[in-house]
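> Have a look at the structure that comes next, please.
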Amino acid sequence: MKKRVIFFLLGLWVGIASLMAQDVPVGVVVAFKKGSSQELNRYLGEKVDLVILSKPSQVDKMAAERAMSDFFTNNRVSRFDVNHQGKRGDSSFFVGTMETPNGNFRVNCFFKREHNRYYIHQIRIDKTND
């Protein structure tokens, strides 16, 4: 019985440690899968560089949420997959593919680490030719 408790606690500790060490927050991926700007808002930095369909802008957190809400309203997400992710120093990123009825989009999302937490500082969404 003691071995089971020890293995359980060890597994729990490893699981919690791996969640705390994540460079790309799982909630961001879930927000893109759902097409939810409200969920994405929790991870946005105070200033966000947005490039949506080749239209660049640097906006505050609330304007970024509105822009993403407009995008998700016009492009209902049917599938989202992370193709690649990486980390360098206090920055991390992922590249994903979003499928919508209006076509497929490549999503690049870049994070900066501040106060032991990763925040989105850039989102780039481009239509693909698939």
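The values are calculated or read from the model by the stated rules, or taken from the named source; none is laboratory data. This is a predicted model, so every value here is computed, not measured. All Cβ positions, even for glycine, are placed from backbone atoms using ideal geometry, and neighbour counts span all protein chains on display. Please note that ligands, DNA and RNA were not included when accessible areas were found on the heavy atoms of the full protein model with its side chains. Shrake-Rupley method; radii C 1.70, N 1.55, O 1.52, S 1.80 Å.
> Tell me the label-point distance for the pair His115, Thr73, using the 7 Å Cα-to-Cβ offset, in nm and rounded to one decimal.
So the label points at His115 and Thr73 sit 3.0 nm apart.
> With a 1.4 Å probe and all protein chains left in place, how much accessible area per residue does the range 86-130 have, in Å²?
Accessible surface, normalised per residue, equals 58 Å².
> Which whole-number percentage describes the relative contact order of the range 74-130, with Cα contacts under 8 Å and a sequence gap of 6 or more?
Contact order relative to length: 27 percent.
> Mind giving me the FRET efficiency for Lys34 and Asp60? R0 is 22 Å, r the Cβ-Cβ distance, nearest 0.05 is fine. Can you show the working numbers first?
Details: r = 23 Å, r/R0 = 1.04.
Calculated transfer efficiency: 0.45.
> Roughly how many percent of the accessible protein surface of the range 66-130 is carbon and sulfur, given a 1.4 Å probe and a whole-percent answer? Numbers along the way, then the final one.
On the way: 1500 of 3950 Å².
Accessible surface attributable to carbon and sulfur in the range 66-130 totals 38 percent.
> Then there's this: Where does each of 71-84, 29-42 land if you order them by average Cβ count within 10 Å, highest first? Walk me through the numbers on the way to the answer.
Working: 71-84: 13.9, 29-42: 17.4.
Result, highest mean Cβ count within 10 Å first: 29-42, 71-84.
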